[in-house]
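The values are calculated or read from the model by the stated rules, or taken from the named source; none is laboratory data. Just so we're clear, the structure is a prediction, and the values are computed from it rather than from any experiment. Note: ideal-geometry Cβ built from the backbone for every residue, glycine included; neighbour counts use all protein chains shown.
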Amino acid sequence: MSRQWKEDRAQNPLMPQRISDFIPPREISDKLVDSYFRTYETMFRILHIPSFQKEYSQYWENPAAANASFLMKLLLVLAIGTCFHEEFINSLYKESLQWVNTAQAWLSSPGEKSRLNISCLQVHCLLLIARQTSGVNGDLTWMSSGHLLHLAMTLGMHRDPMHFSKMSPFHREMRRRLWATVLELVVQSSQDLGLAPLVSFEDHDCDPPSNIDDDQIGESISTRPVPKPMTTFTQTTVQIALFRSLNTRLKISKLINGARSSPTYEDTLQLDTELTSSIRSNTQLFQSYLLRENAKIRPTTFQIKFLDLLTRRFLILLHYPWFVEAKDNPRFYFSRKVCVESSVVVLQHRIGGLLSRPETPATPDDFTLFMYLVRGGANDTLIHASMIIGLELVTLLEDEPRNLNPSMTAQFSMNSNQISHLLVTFKSTLELVQERLERGETNVKAVIFVACMIGQVEAQLNGADPETAIIEAAKNSVQECYELLKRMLGGISPKESSLVFPVGSEVVDSNSMMSWDLLVSSDSELSCLYNRTN
């Protein structure tokens with residue numbers, strides 16, 4: 001049923017005769033462009049906002065005069081912006097796939113040498129992001145990021161612009177921004193697929209971007225901009241904050257993904273110190289921005305949470321091997337603590353936190369929509385964090401085998417409060433993965449696995465048989481997923497009934513239950529976590 005659903009959604013409309021025929025009406029396009037610039041562009045600086053807005057206005061005055069590279073940028077900006085508008089997600093989903101595929105085809109067409117320029121590099125960066133927001137092989141961007149890296153180095157982006165004396169201040173700053181973006185996309189995509197990044201800090205000498213706003217630079221401005229102090233929040237501040245920990249995250253990715261790497265616990269603790277210091281520094285810095293009065297601009301909830309997610313995921317992955325060992329070896333208790341606390345922080349980004357602003361529950365904010373829809377590393381991190389919390393709950397209950405039901409919380413208040421807090425966070429994950437399924441996700445493994453772990457934990461809390469609870473949770477979850485996919489297909493029976501798991505209570509029992517080994521065999525992270533529970 002999942003395959004059929006993906007096929008139905010991926011059926012593209014007929015190719016228009018002109019690329020401009022892809023562009024939605026101006027009223028819709030304006031909203032999508034605005035969504036992109038208030039979210040992803042603030043994290044990964046790719047475009048010069050005034051320059052793009054000028055070309056965008058000129059496009060609507062004379063669409064036929066727009067050049068191909070601008071049209072590709074516009075299509076991808078629209079595709080990314082669609083992710084943050086619920087009213088357009090369903091109606092424009094197929095169109096967004098076509099926008100992404102069109103840009104991909106344009107970059108792959110003959111005449112590669114003519115596309116060795118900054119404008120096409122920007123298209124490449126936007127394409128990698130759009131593939132994740134649109135679900136077009138968003139978990140396989142590591143392969144494309146290698147090509148992006150080679151293109152950037154061919155253009156000399158890895159060398160600091162100060163080596164090129166005749167280069168204008170505008171192009172110097174844009175090159176620094178783009179190189180920082182390329183490095184960030186490379187290190188994030190390498191972690192998505194669990195493969196080592198193809199670059200290190202020794203391979204470049206490009207300085208980080210300057211802390212300036214876009215109106216301080218431009219093609220017609222010949223004077224070098226004066227960077228603002230880091231106490232002032234600008235349109236480039238978030239990228240600078242990301243860049244500060246980039247070297248550490250590159251080292252972490254190489255350490256845990258290298259084919260010949262044998263990390264020691266001392267290595268882990270050293271890198272933990274470096275990354276934790278960066279995370280703490282960023283947290284304090286962004287809190288100060290929020291507290292400043294009369295500030296021209298302040299960081300948004302999306303920026304704060306996304307920045308933390310992109311950095312903290314490396315802390316979880318760094319400590320995870322030792323988290324597994326911590327149950328039997330108290331020497332690694334620190335890693336267990338770091339993994340659990342970091343996982344709670346990551347998951348609580350959805351349900352609130354110290355840096356959150358009040359949101360209207362009926363209207364998801366940008367970060368919530370991002371968590372509902374994005375594919376690739378961000379989603380993997382959320383699932384990974386939830387599994388860590390689930391395993392911690394199981395471990396705590398195994399260590400304290402007595403029944404910790406509400407009538408006994410006074411006797412075991414400390415342990416019970418910790419379990420209660422973790423369980424609330426863990427259950428919020430089930431709501432998240434169910435919401436993702438309702439919004440187009442077709443992989444049901446996360447929903448079923450989380451439901452089963454909740455069943456196991458609740459059984460342990462109530463003194464019931466965990467195995468029976470797991471089986472019952474699996475049956476109920478599979479039934480719910482089946483009904484949901486059936487609704488998504490409009491009630492139509494699947495074309496290949498052999499692909500459907502029988503879910504009637506008279507069919508599914510403990511003897512016919514699907515093999516969990518088979519369920520998780522295609523997902524390395526879930527396999528490791530499943531083996532841990534065994």
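Scanning the stretch 247-282 for residues that are surrounded by fewer than 16 Cβ atoms within 10 Å (Cβ to Cβ), over 14 Å from PRO321 (Cα atoms) and hydroxyl-bearing (Ser, Thr, Tyr) yields THR273, SER277, SER281. Can you find a residue in the stretch 90-97 that is part of a helix (DSSP H, G or I), buried (at least 18 other Cβ atoms within 10 Å of the Cβ), without any contact (Cβ under 8 Å) to a residue 40 or more places away in the chain and out of contact with any Lys or Arg (no Cβ under 6 Å at 6 or more places or on another chain)? Within the stretch 90-97 (the criterion being part of a helix (DSSP H, G or I), buried (at least 18 other Cβ atoms within 10 Å of the Cβ), without any contact (Cβ under 8 Å) to a residue 40 or more places away in the chain and out of contact with any Lys or Arg (no Cβ under 6 Å at 6 or more places or on another chain)), the answer is yes, since at least one residue qualifies.
Taking the conditions (1) surrounded by 23 or more Cβ atoms within 10 Å (Cβ to Cβ); (2) of a type in the set (Gly, Ala, Ser); (3) modelled with pLDDT under 90 in turn, ALA152 satisfies each one other than (3). Among the residues of the stretch 34-50, those identified as of a type in the set (Ser, Thr, Tyr) and part of a helix (DSSP H, G or I) are SER35, TYR36, TYR40, THR42. Scoring ARG177 on the criteria (1) charged (D, E, K, R); (2) closer than 19 Å to SER51 by Cα; (3) without any contact (Cβ under 8 Å) to a residue 40 or more places away in the chain leaves a single failure, condition (3).
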